[in-house]
Each structure stands twice: as C-alpha cells, then as structure tokens.
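Heads up, the thing below is written out as structure tokens.
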Amino acid sequence: MEPTTNSIIFISISLVMGIGLGIFFQKRKNTKQLENANAEAKEILNEARREADRIKSEKILQAKERFIELKSEHEKTIFQRGKKISEIETRLREKENKLNTDLNRNKNLSHSLEQKNESLEKRLEKLDSKQKDIEASHKIQVEKLEAISGLSAEEAKKELISSLEKKAQSEAMAYAQQSLEEAKLTVEQEAKKIIINTIQRIGTEESIENCVSVFNLDSDDVKGRIIGREGRNIRAIEAATGVEIIVDDTPEAIILSCFDPVRREIARLSLHRLVTDGRIHPARIEEVVNKTTHQIQNEIVEVGKRTVIDLGVHGLNPELIKIIGRMKYRSSYGQNLLQHSREVAKLCGVMASELGLNPKLAKRAGLLHDIGKVPEEETETPHALLGMEWAEKYGEKSEVCNAIGAHHDEIEMTSLLSPIVQVCDAISGARPGARRQVLDSYVQRLKDLENIAYDFNGVNKAYAIQAGRELRVIVESEKVSDDQSAELSFQISQKIQTDMTYPGQVKVTVIRETRSVNVAK
C-alpha cells in the first residue's frame, strides 16, 4: 500500500516538472518569435517612411511644374487680354475721330442747307409776284381780245370747238375712204387667208375618227337630264372629265370630243353609268367619274397583261405591263400605238427566226420599242432614249435596251436585234394608210395648249376643247379671286400668242367656282 503511494507521488512530481519545463520552453520560443516580429515591423515601417518620402518628393516636383505651367498660361492670357484691350482702345479712338469729323461735316452741311432754304424762299416770293403779274396781264389781254372780236371767252371757245369738229369729220371721212380703197385692193388676199384658216381649223378624217366618240341614247328626253338645270350637269361633266360634250339636233345621240382617248373613254363610260342609273347631278357626276377613272386604270393593266400573253412575252416588270396597256389609248401619226407595237413585235419575231436569232427576245424588243411615247408627264427626252431608260430601270437585257434606244439612230447599235427592230418599225409605219402626220402634230398642239395654262399659279385643271379653238381653265377659288381670273385669262392668251403657232383664234375661258358644303347629322 505505501510503495504505491510513493509511486504516485513520484509520478505526479515528474508530471509537474515536465509541464513546468514545457511551459518554460514555450515561453522562450514565443519570446523569440515576438522579437523577430518586432524586427520585421520596424523594417516595414522604415520602408514605408522611405516610400512616403519618395512620393512626397515626386508630388512636390509635380506641383512645382504644374504651378510653373499655370503661371505661364496665366501670363499668356493676361498678355492677350492686354493686347485685345489695346486694340479696342485704338478702334474706339478711331471711331471717336471719325464721329468728330462727321459731326463737323454735318454742321457745315446744315449751315449750307439753311442758306439754300433762305435763297429758295426768296425765289418763291419772286415767282409768286411774277405769277400775279402774269395773271393780271392775261386778264387785260383777254379783255382787249373780247373788245376787238366782239365775242366773250365762252363764245370764242364754242366757235373753236365747232370748227375743230368740222375738220375732224372731214379728216375721218377721208381716212374711211382711204381705208375702204385699201380694203378693196387687199380683199382677195384677205378672203384667201380666211378660207385657209377655216380649212386648217377643220380636223382631218383621221382626227375625226380618233378625237370624237358618239354616245347613243334611248330617247332625246335624256339629253335634257344630261344638260341639267341651267346647264349645270353638262358643265360638271366637262369640268370633271375635260371632254367637250356637244348636244345638237342629232337624234338619240350626243358627241364627245377630246384629243385624249383616255379622257374620252372615261367620259363615255361615266355617261353610260349615269344614264343607266338615272341619278344625274353634280355630286353624283364627280363620284361616277372617279370610279370610272379607277376602272380605266385597272383596264389599262388588263390590256397590258393580255397583250404580253398573246405575244408570248413573259417576265415583264408590272410597270412595263402598265405602260404597254397605256399604249392602247395613244396614237402615233394617226396609227394606234399598241396595234403598231404588236405588229412590230410579230415582224421582229419572224425576221429573227429567219436570221437564226432569238425570236422571243426580238418580240420583246419590238413590243417595247415605243414605250417612251406614253409618259405620264411631258418630257424633253426623245421617246427612244426615254424608253431605253425605262427598260434599263426595270431590268431588261442590254440587247433589248440597245434596240429600243437605237431604233431612231440616236445611239450606236451594239447588237443584231437593233437593226431588226428599226427595220420592222419602218415596215409597220410605212404600209399604206398606217400613219398621218397631221393628227400627231394636232394632238401635240392641244397638249402644248393645256400645258401653257398649268404654268400659272392657282390653275387646277385645263382642257383644250373645240379642236383647239377654246382653252377652258378651272382655277382654285381659294387662290384666285374674280378680278385675278380676268387678269389670268388675259395673261394666258398673251402667252399663247407669244409661244404658239396656230390657225384662227383661241378663246381662253377661266372658270372660278365656290362651294360651301355642310353635313347634317
């Protein structure tokens, strides 16, 4: 029992001693680490101080350099301002000197003007006194003349007027006699001129066929409804379509006259709708004409489509098809343009086949060769070159474009299709009865007549009617007053006299209409 206790005590003492030695050695180790950490901290602080001193030196140097730069810029700015101030002072001194000079000159001028005014007043006084002397002298002379002649001034005036009237009558009779004798000498020449003008004003047979349409009626009673009260319906139709409507004694028919086939066809179809419907008044007329115009535009497209299908020409741009349809309502030297183009296309196809060329391409060029003759707006470009531009624009091949542009030798031919189109165009136009020069120039003259009116401001519509003997101009009531209408009519007539050559006379009628519209709800 006792030895065991001693062992425990020994073991306990050993453990206590071991723990104490561990603690001692651990403290010694921690002390050494703390010394090392303090040394490293001191080294870091010294390095930071050195870096801070270096940065401080650099910033001081930069601040000094910046200060020097700002100082130089400030001095430069002060120098420039001083220079500007000196310049302004110089200009002010110059202006001051100039003002002083002008002031002195004005003083001299005012002094001279005062002197001139004084001299003028003196002269006026002298003139007044001389005028009084002259009037007194004239009165004395009149009294002396009355005493010598035995007549008063009024009696003498009447006697003088009577003698002048007798002299004027005798001179007028002599002038009339002389004019009559001159008229007798030139009467034959004047009569021939009148006959020639009358013949020129009458359209040719071909122009009658191409410029007049006959609209048949079920009865003559319809004519009165078409004319309307005080002619308001027929005026509305003419104003809306630009076609002259002639109502004469022809039984059950009226005549539509216009050089433009499209406008004439619109008027014919509109009249047919109005007569069939029975409601004929200005508002209804405008509505029907608008619908018919839209229908004609659709029909033009359909005509173009049927034409290209009949000829076997495929892949045309829709705009070119539309242009081909418009050719139905155009004529060239009296020959229908669409019919002429169809003939040329067929001839080109046959000739190209005989020569071993592509007949489809030749047909295409022949059909399109005259598309430049149907522009929607007038242009100075020749129709061959305009057609070539359109063909290039809408993606046609270079051979076709060259054939269109060269068929009148306006550009050089670069393919074999070009001479074929040129020859076939001449064959179609040269056959007997195909063309007449008179109609084409006549239609062009009417177009030029309408275009002259459109050159003036305020003109809404212009129609050449009665074979070009009358130009009917419809103006906008908001822009043109009644007084300006008369002046506009005179100006248009003067421009026609100056710019155009035409037989007979052209009457210019300007129409101004004011409308007030309200809707009851």
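With the structure loaded, tell me whether L355 is crowded, with 20+ Cβ neighbours inside 10 Å and touching a residue at least 24 places away in the same chain (Cβ under 8 Å) or whether it fails that test. No; evaluated as a whole, the condition is false for this residue.
Here the strands (runs of 3 or more DSSP E) wholly within region 144-260 that include at least 1 residues being modelled with pLDDT under 75 are 212-216. The set of residues in region 361-383 that are surrounded by fewer than 22 Cβ atoms within 10 Å (Cβ to Cβ) and assigned to a helix (DSSP H, G or I) comprises L361, K373, H383. Just to be sure, is V303 closer than 30 Å to I227 by Cα and of a type outside the set (G, A, S)? Answer is no for this residue. Within region 10-31, no residue that is basic (K, R) sits with its Cβ atom under 6 Å from a residue that is surrounded by 10 or more Cβ atoms within 10 Å (Cβ to Cβ) at 6+ positions apart or across chains.
Residue by residue, here is whether (1) aromatic (F, W, Y); (2) touching a Phe, Trp or Tyr at 6+ places or on another chain (Cβ under 9 Å); (3) at pLDDT 90 or above holds:
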residue	(1), (2), (3)
Q295	no, no, no
E299	no, no, no
L311	no, no, no
C348	no, no, no
A352	no, no, no
K360	no, no, yes
G372	no, yes, no
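For region 291-307, the condition holds for no residue, the condition being that it is in contact (Cβ under 8 Å) with a residue 60 or more places away in the chain, in the same structural domain as G387 (by TED's automatic domain parsing) and either charged (D, E, K, R) or in a helix (DSSP H, G or I) (or both). Just name the residue that is surrounded by the fewest Cβ atoms within 10 Å (Cβ to Cβ) out of those in region 226-264 that are of a type in the set (D, E, K, R) and touching a Ser or Thr at 6+ places or on another chain (Cβ under 8 Å). Within region 226-264, the match that is surrounded by the fewest Cβ atoms within 10 Å (Cβ to Cβ) is E252. In region 209-225, the qualifying residues are those that are farther than 24 Å from L449 by Cβ and out of contact with any strand residue (DSSP E or B) (no Cβ under 7 Å at 6 or more places or on another chain), and the one that is surrounded by the most Cβ atoms within 10 Å (Cβ to Cβ) is V222.
Taking each residue of region 262-278 that is assigned by TED's automatic domain parsing to the domain that holds I227 and looking for partners that are of a type in the set (F, W, Y) with beta-carbon atoms closer than 8 Å, six or more apart or interchain, yields V262/Y329; E265/Y329; R268/F215; L271/F215; H272/F215.
The values are calculated or read from the model by the stated rules, or taken from the named source; none is laboratory data. These figures come from a predicted structure and were not determined experimentally. We place every Cβ from the backbone using ideal geometry, glycine too, and count neighbours over all the protein chains shown.
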